[in-house]
1. Using a 1.4 Å probe on the protein chains only, how many percent of the accessible area of the chain belongs to carbon and sulfur?
2. List, largest first, the extents of the alpha carbons of the chain along their principal axes, each in whole Å.
3. Report the Rg/Rh value for segment 1-68, based on alpha-carbon coordinates and the Kirkwood definition of Rh.
4. Using a Gaussian network model on the chain with a 10 Å cutoff between Cα atoms, which of Leu65, Leu19, Leu11 fluctuates the most?
5. Residue by residue, what Karplus-based ³J(HN,Hα) values in Hz, rounded to whole numbers, does segment 21-32 have, using 6.51, -1.76 and 1.60 with θ = phi - 60° and x for Gly and Pro?
6. Where Lys and Arg each count +1 and Asp and Glu each count -1, what net charge lies around Thr18 among other residues with Cβ under 14 Å from its Cβ?
7. Pairs of alpha-carbon atoms within less than 8 angstrom and 6+ residues apart define the contacts here; what relative contact order does the chain have, in percent?
8. Rounded to the nearest 500, what is the chain's calculated 222 nm mean residue ellipticity when only DSSP H runs of at least 4 contribute -39500 (n - 2.57) each, over all residues?
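The values are calculated or read from the model by the stated rules, or taken from the named source; none is laboratory data. Computed from a prediction, not measured in an experiment: that's the story for all the values here. Note: ideal-geometry Cβ built from the backbone for every residue, glycine included; neighbour counts use all protein chains shown. Note: areas computed on protein heavy atoms with side chains; ligands, DNA, RNA excluded. Shrake-Rupley method; radii C 1.70, N 1.55, O 1.52, S 1.80 Å.
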Amino acid sequence: MTAELLVVVQLLAGYPQTLAVPTVEPVPNARLVEMACERPCNVQGWYPGGDTIYLDERLDPVGDLWARSILVHELVHYLQEQDGAFGRVPSCRRWLEREGEAYEIQNRWLMQHRPRTRVPRYMRFNGAPPHCDT
């Protein structure tokens, strides 16, 4: 499933095709928070760079559209790194631009795949993290 989603994300985001597919590793939420955040946060997925995407173990990206959209978001980050996107942008601005693009692609993907009988939950981009001085 990850390889197929990666191709879709490449098409939506316009990134070049890559043959490498990241590993998706389910981890307990407490571990995810510890790895991704400086303090308690509402994190469900995280891509720190490299070859592994971490998802909250409570998510079911195979059976749940919303969980799959979180994987889509993290795959955008994976492709951003593979492409070197935003590489010359200062760090906080780079973070903002990378997140903005990932939320945009996630929401576009949700719009294309949402069930007709219910309204999807869209992600909202809330701006910079506390440590980021914009």
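1. Working: 3870 of 7990 Å².
It is 48 percent, rounded to a whole number.
2. For the chain, the Cα extents along the three principal axes come out at 41, 34, 27 Å.
3. Details: Rg = 13.0 Å, Rh = 13.0 Å.
With Rg and the Kirkwood Rh in hand, the quotient comes to 0.99.
4. Leu19
5. Karplus-based 3J(HN,Hα) across segment 21-32 equals 10, x, 7, 10, 10, x, 9, x, 4, 4, 5, 4 Hz.
6. Values: positive: none; negative: Glu4, Asp51, Glu81, Asp83.
Net of charged neighbours comes to -4.
7. Working: 159 pairs, mean separation 28.3, N = 134.
Relative contact order for the chain comes out at 21 percent.
8. Details: 4 runs with 62 residues, N = 134.
Calculated at 222 nm, the ellipticity per residue is -15000 deg cm²/dmol.
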